[in-house]
1. Among the candidates Ser665, Ser671, which residue alone is among the small types (Gly, Ala, Ser), open to solvent by less than 20 Å² (accessible area, probe 1.4 Å), in contact with an Asp or Glu (Cβ under 8 Å, 6 or more places away or on another chain) and assigned to a helix (DSSP H, G or I)?
2. Residues to consider are Thr332, Thr315; find the one that is under 28 Å from Asn265 (Cβ atoms), of a type in the set (Ser, Thr, Tyr) and touching a Cys at 6+ places or on another chain (Cβ under 8 Å).
3. Just to be sure, is Ser714 hydroxyl-bearing (Ser, Thr, Tyr), in the same structural domain as Phe607 (by the TED database) and part of a helix (DSSP H, G or I)?
4. Is there a residue being basic (Lys, Arg) and at positive phi anywhere in segment 295-311?
5. Filter segment 685-698 down to the residues that are farther than 19 Å from Trp478 by Cα and open to solvent by 10 Å² or more (accessible area, probe 1.4 Å) and list them by number.
6. Among the residues of segment 497-555 satisfying the criterion of being under 21 Å from Val223 (Cα atoms), among the charged types (D, E, K, R) and modelled with pLDDT of 80 or more, which is surrounded by the most Cβ atoms within 10 Å (Cβ to Cβ)?
Amino acid sequence: PPTQVESRHARTDRVSSPLKHHAQSLVFAIGAMGSLLLKLGEVIKDEYKLQKGVQKKVKSFSAELDVMRAALGKVADVPWDQLDEQVNLWAADVRELSYYMEDVVDSFLMRVEGCGSDANQARFKKLMANMANQFKKGKARHEISTAINEIHKRLQDVTRRHERYNLANLPAATRTTVDPFLEVLYGDKKNIIGLDKARDDIIKKITEGDLVSKAQLKILSIVGFGGLGKTTLAREVYETLPTKFDYKAFVSVSRNQDMHKVLSNLLFKLDKKRHASLNAANLDVEQLIIVVRELLSKKRYFIIIDDLWNKVAWTTIRYALIDGGCGSIIITTTRLLDVSEICCSSKDDMIHQMKPLSYHDSHKLFYGRIFSSEVCPSGFEQVSREILKKCAGVPLAIISLASYLANNQRANQIDQWYVLLNSIGHGLQNGDDHVKKMKRILSLSYYDLSPYLKTCLLYLSIFPEDHQISRDELISIWICGGFIQVKDETASLLELGESYFNELVNRNMIMPINIHADGRVEACCVHDIMLDLIFELASGENFVTILDVIKGGTPLAKKFCRLDIQKSMTDLTNAQMATTSMTKVRSFSIFSPAITKRIPPLSIFQFLGVLDLEGCDLQGVDLRHVENLLLLRHLGLRGTKVGNLPKEIGKLQLLQTLDLHWTNSTELPSSVFQLGNLMCLILDSNMQLPKGFCNLTCLEQLKGDGVGHFSADSAEELGRLDRLR
């Protein structure tokens, strides 16, 4: 449904799924405020010399937005189908207000930085003082005053709505939902393919050893990406293990765990009569732990704790699982590597890393679900191979897509297979119940992320399928896009960005590649099915607009926020492009060198903060007009063959990242050393650092083949870069 405020990033299509609408309204509102609050902190600094009355109002705005952000963070953790629509409406209002305020702040910064981008810092400070004087009179004062009053009015409206809905006290869950893993636990075994070896390996690990080791408590944790079949594998081990036990139980924890409910359920599975006689519902958590410990004392048990999401839940459950030296076994399943490591803290404990199905097993599972046979019909071999390639051996994806085809009355027509294949990567928005179930299970990992990590994950939708994403480039874009939130001013943004990246790896939401011997990850990629979910979540409100997927004749949004071209834009006409405005685009990325000639002139991107042209052939292109991008923070020219940079690059006073690798650049213009905010500098292979680079006092990362060739003077300058990591 339309929001109460017309979006300046209006959707191309007003119809969106609840999954999209909730995720975007809340997460994008949080992301927008994160970027805005950083900028509000900048404009009230003494150097901008705002009038005291304006400063006071800006500080008041910041405080009120912080309260709203806290409320948004609380409700963003609630799955989309458990929130009232009024929350989405309020969140949309907050997002629009944040965007409007950011436009006002950026306009102010452009005027100031525009006056202060001449050759040297002395000139810059002088012009800043002149700018401050201009705000005391005339048109500038009137414009700022009008904008501040408009912000004040809109903020009061949103605040009143916040109080009316009492959103800050919204409970974490408002409705009981069906556990999506019940089918795995109690359904039939027709989808159990490819797990025999893993099952037998686990049984061997937990049963082998001498008499002493067999008497010890053994803990094994199964860890892996959502949909790989962790629960299914655990159930297979649970039902196949021939050894006799006094007690057995299979208990699911889930993301929004209620420890009283979990322990009560554990007691029920272990001893139904004891559960009933004690009236377990009236016992607290500590009492339940005591009862379970007494029950398991001096007994041999086999317990599976399925779907663990945090360390606290495991620690609480572990208190109840006493080690009586009787050869008991505990198996846990989790998507999170750090949780798995906590479960297996003893040297004798074991971690089993789930692996995707082989192509052969994927083939058996896929055709067995569609045709009840492992034989591929003639003519379907190629399209089925391409579909299975996108599933990448994830059983949940294979079963969901096979079920989609099996339930399609035209499944015997190859064109329906190609429709499905082409929809993967652009949002399976019209999927049946099986596809929706797959999304629901995968989305559990998404909803368990912090609000800032949600925004960082959604930004991955700008990258094409199978694209190797550089860790350093991704972190830089997160920083320059305002997605990295620092509470401690002494903290390094790059280090915090690395922690974000590592957490997504540990949660198995992105796949690490190019891993060094010391464990450092060079790059990552995103599973096609996960990328599909991310794309659906990110596309509706123009958080990212991918021009490739917009067909010719489709009306474009009036304004874009983040613009992305992955392969081509041949379907788009000049008339379509003329209906939209590029002035408010914050990020512009291109992944295809073949469309360089159709790139819009950079001069129209007034508010651009991230410009990534990696791989575009810019040989012979004059980049002097880049000087007009005064709010630019990330400039990625890797692989563009653009040659030496113009001296005007020194006017980009807010620039934080400059990537010149494979640009055919031979020297760095001295004007680069005026970039006082530059944090990351990546040089081409033949570039040397000229004198004066010690002026880059914010530099944390310096890369280049020639960086190690220093004279004594260069080494002295290097020693003055005390933030270098």
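The values are calculated or read from the model by the stated rules, or taken from the named source; none is laboratory data. As the structure is a prediction and not an experimental result, all values here were calculated from the model. A quick note on method: Cβ atoms are made from the backbone with ideal geometry, for glycine too, and the neighbour counts reach across all protein chains shown. Accessible surface is based on the protein model in full, side chains and every heavy atom, while ligands, DNA and RNA are left aside. Shrake-Rupley method; radii C 1.70, N 1.55, O 1.52, S 1.80 Å.
1. Of the residues listed, the single one that is among the small types (Gly, Ala, Ser), open to solvent by less than 20 Å² (accessible area, probe 1.4 Å), in contact with an Asp or Glu (Cβ under 8 Å, 6 or more places away or on another chain) and assigned to a helix (DSSP H, G or I) is Ser671.
2. Thr332
3. yes
4. Yes, segment 295-311 has at least one match.
5. Within segment 685-698, Ser685, Asn686, Gln688, Leu689, Pro690, Lys691, Gly692, Cys694, Asn695, Thr697 meet the criteria.
6. Only one residue tops the list, namely Arg507.
Okay, residues lined up against (1) basic (Lys, Arg); (2) free of Cβ contacts under 8 Å to residues at least 60 places away in the same chain:
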| residue | (1), (2) |
| --- | --- |
| Ile290 | no, yes |
| Leu295 | no, yes |
| Lys298 | yes, yes |
| Val312 | no, yes |
| Thr315 | no, yes |
| Ser340 | no, no |
| Asp348 | no, no |
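Every residue, every condition in (1) hydrophobic (A, V, I, L, M, F, W, C); (2) surrounded by fewer than 17 Cβ atoms within 10 Å (Cβ to Cβ); (3) outside the structural domain of Leu474 (by the TED database), yes or no:
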| site | (1), (2), (3) |
| --- | --- |
| Phe605 | yes, no, yes |
| Glu614 | no, no, yes |
| Asp622 | no, yes, yes |
| Leu631 | yes, no, yes |
